[in-house]
Amino acid sequence: MSFNQTQKYLATVNGSSSPGSSFSGPSSFGGAPNNNARPLPGINLDEEIRLTTNNRERAQMDNMADLYSIIVVLEHLELAYIRSSITHTEYTPACRQLIAQFRTASSLLGEVVPDLEKFMKEYNLNCPAAAKRIKIGVPATVEFGDGVSNEANGHRTAKYVAETVQSYITVVDVLKLGMTAVDQIHPLLADLMQSLNNVRSLPADFEGRAKVREWLIKLNSMKASEELNAEEKRQLEFDLESNYTAFRGWLDNQ
């Protein structure tokens with residue numbers, strides 16, 4: 001078979017009417033023809049890929065990186081405290097600082113990161129201890145106490161009882177004065193939780209702790225500038241006054 005005859009034969013096999021196109025089309029050894037094929041652009045593997053196009057996007061990306069790193073560091077801090085690798089005196093200020101940094105970083109991102117759980121899921125962050133601590137908004141030493149006994153010192157115990165009573169009165173008075181912003185109430189509830197935990201002889205199942213913890217979680221899910229509505233304010237007052245009455249009843253039985 002001559003060269004021209006070969007071209008004609010291949011053109012017939014490939015479904016082309018032009019013998020000269022048989023070598024520029026798809027292979028004659030199988031595969032359907034692809035008339036829309038385009039050459040791939042050249043890729044420079046040494047070229048830096050830009051994730052942002054302007055300064056605003058760059059700042060947003062940096063803030064998201066800060067948020068990511070804060071969550072990771074807080075996870076390691078929580079695990080270190082659980083495993084007694086650090087003391088409560090080392091843990092507490094570091095945890096407070098990281099929680100404050102998280103709030104600042106998340107406020108800078110605004111609606112970009114509306115939900116912590118979604119952010120962690122999107123970037124494959126498996127940090128359950130950090131997520132819980134951020135959700136509550138106070139260190140574990142405030143939520144559960146630092147584990148250091150003070151019952152041997154009666155003077156210190158009386159001091160903590162007095163602080164607890166004062167904390168209850170302070171929060172209720174603030175609410176009655178109409179101060180309902182999150183950044184006004186949350187610190188006072190955190191102080192109340194700390195005072196309750198300092199009273200070591202208080203029963204572990206004392207309802208006041210659980211109620212204060214619930215309100216801390218609720219307030220921590222809100223923005224600092226948000227305020228409790230009339231119904232929420234009334235419910236918080238009721239819970240605090242009920243718990244204060246229960247606390248005084250426990251004291252009378254001591």
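Within region 146-167, is there a residue that is modelled with pLDDT of 85 or more and within 30 Å of S107 (Cα to Cα)? Yes; the residues of region 146-167 include at least one that is modelled with pLDDT of 85 or more and within 30 Å of S107 (Cα to Cα).
Look at region 81-101: where a residue is closer than 23 Å to P187 by Cα and a partner is part of a loop (DSSP other than H, G, I, E, B) and open to solvent by less than 50 Å² (accessible area, probe 1.4 Å), sitting 6+ places away or on another chain with Cβ atoms under 7 Å, you get H88/D146; Y91/P139; T92/P139; C95/P139; R96/P139; I99/G137. Filtered by the rule that a residue be more than 12 Å from the chain's Cα centre (by Cα) and surrounded by 12 or more Cβ atoms within 10 Å (Cβ to Cβ), region 108-122 gives L108, L109, V112.
Please go through region 213-254 and pick out each residue that is of a type in the set (K, R), out of contact with any strand residue (DSSP E or B) (no Cβ under 9 Å at 6 or more places or on another chain) and under 12 Å from V171 (Cβ atoms).
Here is the first cut: in region 213-254, the residues of a type in the set (K, R) are 213, 218, 223, 233-234, 248.
Among the residues that remain, those that are also out of contact with any strand residue (DSSP E or B) (no Cβ under 9 Å at 6 or more places or on another chain) are: 213, 218, 223, 234, 248.
If the condition is that a residue be of a type in the set (K, R), out of contact with any strand residue (DSSP E or B) (no Cβ under 9 Å at 6 or more places or on another chain) and under 12 Å from V171 (Cβ atoms), then no residue fits.
Taking residues in region 63-79 that are under 11 Å from Q101 (Cα atoms) and open to solvent by less than 40 Å² (accessible area, probe 1.4 Å), and partners anywhere that are among the charged types (D, E, K, R) and in a helix (DSSP H, G or I), the pairs with Cβ atoms closer than 8 Å and at least 6 places apart or on different chains are L74/R133.
Filtered by the rule that a residue be open to solvent by 20 Å² or more (accessible area, probe 1.4 Å), in contact (Cβ under 8 Å) with a residue 12 or more places away in the chain and out of contact with any helix residue (DSSP H, G or I) (no Cβ under 8 Å at 6 or more places or on another chain), region 170-196 gives a lone residue, D183.
With the condition kept exactly as written, say whether any residue in region 218-226 is among the small types (G, A, S) and either part of a helix (DSSP H, G or I) or open to solvent by less than 30 Å² (accessible area, probe 1.4 Å) (or both). No: zero hits.
The values are calculated or read from the model by the stated rules, or taken from the named source; none is laboratory data. This is a predicted model, so every value here is computed, not measured. Every residue, glycine among them, receives a Cβ derived from its backbone with ideal geometry; neighbour counts consider all protein chains shown. Calculation scope for accessible area: heavy atoms of the full protein, side chains included, ligands and nucleic acids excluded. Shrake-Rupley method; radii C 1.70, N 1.55, O 1.52, S 1.80 Å.
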